[in-house]
Amino acid sequence: MTAQGQFDASHGRLQVGTGVAGRAAKMGHRLTIAMERWQAVVSWSGEQPTAVTLTVEADSLRVLGGEGGMTPLTGPEKALIRTNARNCLGADKYRRIRFESSEIEANDDGYRLTGSLEIRGRTKPHVVAVQVSELGPPHQHRDSWRVDGETVVRHSDFGVRRYSMLMGAMQVADEVTVSFSATVSADEIRGS
């Protein structure tokens, strides 16, 4: 029996964490950016997941905050960072970021998803590890699951221009950390 479940931003969060590189890195902020519109679709065969697709709307980003830097981030600075990030992603032309996996391997606390990641029209092989835990009292029917994961993505792999200032002395680091966490009912994730 095959089934398909799905969950989205109403179930949790998908965030991007950036670093700062360059000679003037101490002046920059390490940002936390929320991706506010995304959807995950999980295909199942019996009790086993067989495919996962995560689609993120590239222009749905919102700057939550920044650590470090010379001064705290202001509202106008967050708006400028959002505009710069959208431009770097080419969000007007490349509207979606997509991860697809049909090679899913169970491990001790979840799954290893091997597939492809598409950003700015470029597709590269990518692996994501997710942890899955059942919520609710022991020995009762699973009502909901918590799904957590984290992966590193490099701008340079996808031709994403890194924002820089001060003639390149301060720039967004090449590697960003993408993390997600969602709480989903068993029926939603299993499509039952």
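Could you sort Met27, Met70, Met35 by their accessible area in this structure, using a 1.4 Å probe and putting the largest first?
Working: Met27 95, Met70 140, Met35 20 Å².
Highest to lowest solvent-accessible surface, that is Met70, Met27, Met35.
For Lys124, go through the lysines and keep the ones whose alpha-carbon is under 22 Å away, minus same-chain ones fewer than eight residues off.
By straight Cα distance, Lys124 reaches Lys93.
Which of the three applies to the range 63-162, rounded, prolate or oblate, going by the alpha-carbon gyration tensor with a ≥ b ≥ c and a/c under 1.5 meaning rounded?
Values: a/c = 2.76, a/b = 1.50, b/c = 1.84.
Taking the square roots of the gyration eigenvalues as a ≥ b ≥ c, the range 63-162 is oblate.
Stretched out fully, how many nm does the piece from Asp187 to Met27 gain, at 0.36 nm a residue minus the Cα gap?
Values: separation 160, 0.36 × 160 = 57.60 nm, distance 4.74 nm.
Length gained, Asp187 through Met27: 52.9 nm.
With the other protein chains left in place, how much accessible area per residue, in square angstrom, belongs to the chain at a 1.4 angstrom probe? Present the calculation step by step, with values, prior to reporting the outcome.
Numbers: 10920 Å² over 192 residues.
That works out to 57 Å² per residue.
Could you check how much of the accessible area of the range 2-190 is carbon and sulfur, as a whole percent, using a 1.4 Å probe? Don't jump to the answer; show the numbers that get you there.
Details: 5160 of 10600 Å².
Answer for the range 2-190: carbon and sulfur cover 49 percent of the accessible area.
The values are calculated or read from the model by the stated rules, or taken from the named source; none is laboratory data. As the structure is a prediction and not an experimental result, all values here were calculated from the model. The protein model used for the area step is the full one, side chains on, heavy atoms only, and it has no ligands, DNA or RNA in it. Shrake-Rupley method; radii C 1.70, N 1.55, O 1.52, S 1.80 Å.
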